[in-house]
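What follows is a short report on a single structure.
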């Protein structure tokens with residue numbers, strides 16, 4: 001049959017497809033020296049949750065900083081020497097209290113304040129979290145190991161515009177007397193997304 | 001567009017596959033794709049709204065079955081072809097096989113007529129409208145009522161910015177909804193906040 005001569009070739013592997021676009025960039029001098037290496041390095045070493053952990057620890061120990069952070073998150077994280085991309089013009093810091101628990105998501109894709117809290121983990125970008133956290137927040141958090149007492153109000157924040165959010169977790173009671181560095185060491189990416197408490 | 005990517009509130013998905021300290025990358029190609037698309041944005045080949053929209057334009061079955069970084073790859077390649085950087089034939093020749101791209105887009109749109117400025121505390125209603133092009137309004141808030149709790153600086157309007165259409169930048173509002181209003185009788189009680197562009201909102205006089 002003539003049609004059988006026109007069967008589409010099978011889909012190239014993702015590795016082959018990435019290599020193809022990479023080579024096409026190379027062939028057109030679209031890869032300035034060091035640019036790819038710099039971006040890969042940033043993904044591994046610069047955009048890490050340790051950044052947000054420093055912000056949280058400072059907010060726990062310096063009330064004036066906490067006020068600035070809650071009033072203008074972007075200015076306050078830049079003050080600590082952190083960076084945010086130009087299109088992240090606004091960072092809203094969501095303060096957990098004994099009565100309120102905040103959790104962030106992006107139902108449309110994967111938006112996060114990645115330069116501050118680190119690049120989003122797999123599960124944050126998966127279909128399950130994106131579809132369910134807005135509608136079944138208490139159930140999903142419980143499935144993820146965070147069972148909140150019924151009197152705690154849950155506030156979900158869906159990152160649908162270019163405003164970015166991060167959660168300011170509650171400081172654990174057992175941390176009294178810890179130094180700022182010691183406090184930063186206990187703050188996790190999960191707590192700044194809001195799927196865990198410390 | 002009412003695309004497959006608009007997942008908020010969709011039912012049928014199972015437990016989140018959750019692990020503490022989950023890896024960000026699993027293979028070198030994932031990190032390379034992330035760097036290449038970021039580089040393309042820095043070089044001005046496309047903007048983030050075009051990038052997001054090209055992901056949304058993926059054939060729905062491809063979208064649902066592709067990994068996150070395969071979606072990034074597909075958007076990057078689609079936009080490079082559409083912008084005339086490379087042809088689909090060259091990509092397939094270099095890849096040694098088929099290279100599925102996203103489907104063609106529909107026209108974008110400029111800002112809505114009759115936009116209003118809002119302040120925290122204002123009661124708003126999400127306009128009941130649809131567009132075949134890019135939008136950043138999750139379907140689950142369409143037509144719903146909420147309260148403004150925050151205002152952002154002005155951003156490029158995505159429905160225009162993803163399509164090269166002229167438009168004013170506009171603020172987004174953090175709007176608070178009750179989950180029980182979004183999905184009556186079938187939601188865990190919570191307050192759900194969404195970043196909503198001004199063009200998607202009207203004052204709620206009701």
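The values are calculated or read from the model by the stated rules, or taken from the named source; none is laboratory data. For clarity, every value in this text was computed on a predicted model and none was experimentally measured. Positions of Cβ are backbone-derived with ideal geometry, glycine not excepted, and every protein chain shown enters the neighbour counts.
Some observations on this one:
- The criterion of being outside the structural domain of residue B:90 (by TED's automatic domain parsing) and crowded, with 18+ Cβ neighbours inside 10 Å holds for residue B:136.
- Scanning region B:127-154 for residues that are touching a residue at least 24 places away in the same chain (Cβ under 8 Å) and in contact with a strand residue (DSSP E or B) (Cβ under 6 Å, 6 or more places away or on another chain) returns B:127, B:141, B:144, B:145, B:146, B:147, B:148, B:149, B:150, B:151, B:152.
- Residue list for region A:22-34, restricted to those being facing chain B (nearest Cβ under 10 Å) and at pLDDT 95 or above: A:22, A:23, A:24, A:25, A:27, A:28, A:30
- Of the helices (runs of 4 or more DSSP H) entirely within region A:51-137, those holding at least 3 residues that are within 14 Å of chain B (Cβ to nearest Cβ) occupy A:73-79, A:114-117, A:122-125, A:127-132.
- Of B:175, B:151, B:147, all but one fail to be crowded, with 24+ Cβ neighbours inside 10 Å, in a strand (DSSP E or B) and at pLDDT 95 or above; the exception is B:175.
- Among residues of region A:165-194, those that are in contact with a helix residue (DSSP H, G or I) (Cβ under 6 Å, 6 or more places away or on another chain) and part of a loop (DSSP other than H, G, I, E, B), counted: 3
- Filter result for residue A:51 (within 24 Å of residue A:187 (Cα to Cα) and either touching a helix residue (DSSP H, G or I) at 6+ places or on another chain (Cβ under 9 Å) or crowded, with 17+ Cβ neighbours inside 10 Å (or both)): yes
- Residue check for residue B:28: closer than 23 Å to residue A:15 by Cβ, more than 8 Å from chain A (Cβ to nearest Cβ), at pLDDT 95 or above and surrounded by fewer than 22 Cβ atoms within 10 Å (Cβ to Cβ): yes
- Residue match in region B:40-53 (condition: under 30 Å from residue B:149 (Cα atoms) and more than 10 Å from every other protein chain (Cβ to nearest Cβ)): yes
- Residue within region B:178-189 that is part of a strand (DSSP E or B) and either closer than 18 Å to residue A:163 by Cβ or outside the structural domain of residue B:56 (by TED's automatic domain parsing) (or both) present: yes
- Residue pairs meeting the criteria (Cβ under 6 Å; at least 6 apart or on separate chains; first touching a residue at least 24 places away in the same chain (Cβ under 8 Å), in region B:14-25; second assigned to a loop (DSSP other than H, G, I, E, B)): none
- Qualifying residue in region A:13-20 (condition: at the interface with chain B (Cβ under 7 Å from one of its Cβ atoms), in contact with a strand residue (DSSP E or B) (Cβ under 9 Å, 6 or more places away or on another chain) and modelled with pLDDT of 95 or more): yes
- Verdict on residue A:111 being within 23 Å of residue B:134 (Cα to Cα) and modelled with pLDDT of 95 or more: no
- Qualifying residue in region B:93-108 (condition: part of a helix (DSSP H, G or I), touching a helix residue (DSSP H, G or I) at 6+ places or on another chain (Cβ under 9 Å), at pLDDT 95 or above and buried (at least 18 other Cβ atoms within 10 Å of the Cβ)): yes
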